[in-house]
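Below is one structure, written out as structure tokens, with a few remarks after it.
What follows is calculated from the coordinates using simple rules that are stated; it is not laboratory data. Small disclaimer: the values here were computed from a predicted structure and weren't measured. Cβ sites come from the backbone with ideal geometry, for glycine too, and all protein chains shown count toward neighbours.
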């Protein structure tokens, strides 16, 4: 299949299917008409033409005399464009100088006129009418009645048919060419290029379809832009009072209350950030700011920025692992996974481990903790928004149930995947696979 991509595309293209349908219908039509025409010609030849030919040969036999005169046969062969053979015990004469072996004749059918039997026979690809006069056998044929096989004239209809099919295929390809343009435009728009519009200079249904798509694309772009502006407004309106509340908390004299209020405000700010980021990534039209980044460097940056006071084990290769990613969102994914592992790791347990592995076609990031683990019944739902295995929702177990869901969306936005494995009492491992 890969060796012949053009043939494979033709098999699945609309124009190719139309040409194939035309060829099939033309083939059935030719078979039907040809069979009927051949049936008609055979019956017409047998009932109308053959008796005249036999009667014509009756006059030729009478003109040759009995016994047949070879000199008169030569004159008739030249005048009538006939091939005549005279065979008896005394001689074997041919107007073509050809010797015919009567034992190798293939009989086809016979016809009787005036009590004389004429047999249609075949010898070395040529057909003859054979008659007997006394002890002499005569064979007649008209050699140029049918076109010779193997000549260019015989192949000419097939060559014309191939030319017609070739022109028909390219005509249908040209007729349906806008479909490929529309398909490519829809794909680009679906991949996030909201400014793309389809240009089809046609006034038929395909041109109307392209215009309708462009109108729909403009409406969608306008709605998404309104949604983006709304998110920016919500982000500003929610963060502004949180900032004022943080500033006001600094004037509190009770350090315990100040610390508790700041912790609550941080949780609220994190929730707002996760909600907004989740909303941005759940749309298919999100455009990632992908650049070639070293995952080793990103992991170190996250740990140095957020977890410098925490113990985290690292198992990463010494060589750089560079792939095309959105650095900001991948750093958010790494931060959420490490934060989630630290939150569920008891103080007396081994610290969480971050493992990075480079394969042929992908990169595997794995964050493992030695926490209490998760019951198997909760695993299928952990990546659902706002789902928490801890039904008590105590704050020390942390979060609002958006962290893993957001990590899953970030991984899928990079054409990757996220999976969770856990055993009660043995800890939990979250694995992210990203394509190279």
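The figures follow:
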{"read-out": "Cα-projected label distance for residue 251 with residue 319, points at 7 Å along beta-carbon direction, nm", "value": "6.0"}
{"read-out": "Modelled label reach - residue 328, point 7 Å along Cα→Cβ, the range 198-233 residues with backbone N closer than 17 Å", "value": "225, 228-233"}
{"read-out": "Ranked 128, 306, criterion: other C-beta atoms within 10 Å, fewest first", "value": "306, 128"}
{"read-out": "Contact order relative to length of the range 153-221, as percent, for alpha carbon pairs under 8 angstrom and 6 or more apart", "value": "24"}
{"read-out": "Two-site label geometry, residue 343 and residue 188: point separation in nm, points 7 Å out along Cα→Cβ", "value": "4.3"}
{"read-out": "Computed FRET value (nearest 0.05) for residue 223 with residue 109, which takes r as the C-beta separation and R₀ as 56 Å", "value": "0.10"}
{"read-out": "Sorted by Cβ density within 10 Å, fewest first, the residues 198, 53", "value": "53, 198"}
{"read-out": "Relative contact order of the range 153-285, pairs being alpha-carbon contacts under 8 Å that are 6 or more residues apart, as %", "value": "23"}
{"read-out": "Percentage relative contact order, the range 286-328, counting C-alpha pairs under 8 Å, at least six apart", "value": "72"}
{"read-out": "Fewest-first sequence of 238, 80, 129 by Cβ atoms within 10 Å of each Cβ", "value": "80, 238, 129"}
{"read-out": "Principal axis box of the range 237-390, alpha-carbon based, largest edge first, Å", "value": "57, 43, 35"}
{"read-out": "Packing-based ranking, highest mean first, of 23-30, 310-317 given that Cβ atoms within 10 Å are counted", "value": "310-317, 23-30"}
{"read-out": "Label-point separation, residue 209 to residue 122 (7 Å along Cα→Cβ), nm", "value": "5.2"}
{"read-out": "Packing rank of 171-179, 255-263, where each peptide gets the mean count of other beta carbons within 10 Å, highest leading", "value": "171-179, 255-263"}
